[in-house]
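A short write-up of the structure that comes next.
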Amino acid sequence: MPSAPKICPAVGKRSPAGLTGRRSANTPTTPTHPSSFYFTPEINGHAVHVLIDSGADVSLVTSELLHKIFGPTTPPTLLPYLGPALSTVAGGTLDIVGSISLPLSWQQHEFPANFLVCRNATTPILVGTDFLLTYNADLSLRKREMTLCGLNSMACIPLHHKAVGAVRRVVTRRSYLVPGRSVHLVPGKIVGKHNDSSLESGYVDPALASLRRFGLTGELICHTPVKNSTRVFVVNENIEPVLIRPGAVIALYHPFDSPTSHGVSVCPTTPVPLAPPTPTPPPKHSSPS
């Protein structure tokens with residue numbers, strides 16, 4: 001007689017506002033850049049979302065974004081950076097590989113800006129107070145616009161406001177049985193303060209702290225959600241099946257915050273059975289000479 005499946009219960013309880021209750025241990029409490037404002041100039045013919053960070057002393061761009069803008073055939077020339085080490089708000093050190101001047105184009109206007117090129121920045125590109133002071137920037141959050149004054153021109157540029165990198169929980173809509181020794185794409189619903197039917201591409205990170213209590217694990221996948229729905233790559237390494245109850249937090253959804261990042265859609269697949277574990281041979285005992 002087959003054994004009853006293990007049951008993965010809901011982490012919280014449902015309410016009209018969504019899922020409430022105990023959070024997973026690795027669930028961030030605040031999103032990245034909770035109140036971020038961006039403008040979208042062109043750099044080398046590419047429209048790029050540039051973060052406005054009045055708390056940063058310098059302007060930064062990642063080497064990865066430069067590679068995407070200029071391509072591998074025409075890499076930009078970097079000047080050496082000889083300044084002091086720079087620290088992040090969290091206390092880490094920025095890995096600066098050089099500096100570069102980039103023209104930010106808006107319609108017929110052009111605003112050259114000096115950027116430090118960084119390998120480990122979490123934001124692809126941002127302008128700091130150095131850029132804002134150079135062009136006497138006048139920001140109106142009420143009108144959602146920024147005025148820049150160059151040597152021979154003045155431009156009024158619209159601002160965009162969104163919560164970039166807002167991490168959301170993924171919960172099961174219904175019960176789902178994960179057979180033993182198998183891999184499944186478990187369907188889930190992305191929940192948060194505000195329902196957004198046009199979520200951008202991102203990656204789905206399994207909530208291992210919750211899944212491992214039931215012998216489940218998972219892997220990262222990229223996905224473009226459809227109507228707040230996504231899938232979670234779940235692995236059951238047990239012989240017994242595991243039943244995941246409705247409302248269980250099974251993953252965290254991280255939207256890509258880079259304007260040049262493109263998600264990879266995941267198509268539904270059939271369950272993949274895992275090979276049986278290889279038995280460990282008994283240790284050999286050497287006979288006494």
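Within the range 169-188, which residues have the backbone N less than 17 Å from the label spot 7 Å out from E240 along Cα→beta-carbon, could you tell me?
Only 176-182 fall inside the zone, counting backbone N under 17 Å.
Using the per-residue mean of other Cβ atoms lying within 10 Å as a proxy for protection, in what order, highest first, do the peptides 102-108, 118-124 fall?
Numbers: 102-108: 15.4, 118-124: 18.0.
Ranking the peptides 102-108, 118-124 by packing returns 118-124, 102-108.
Using the alpha-carbon centroid of each, what span in Å lies between the range 136-185 and the range 66-88?
Each part's Cα centre sits 25 Å from the other's.
Which values of log₁₀ I(q)/I(0), to two decimal places, follow from the Debye formula for the range 57-121 at q = 0.19, 0.22, 0.23, 0.24 Å⁻¹ with a uniform point scatterer at every Cα?
-0.78, -0.98, -1.04, -1.09
Starting from the Cα-Cα distance between L94 and L151, subtract it from 0.36 nm times their residue separation and give me the gain in nm to one decimal.
17.3 nm
Rule-based calculations on the coordinates, nothing more; no lab input. Just so it is clear, the structure is predicted and the values come from calculations on it, not from any experiment. No Cβ is skipped: glycine too gets one built from the backbone with ideal geometry, and neighbour counts run over all protein chains shown.
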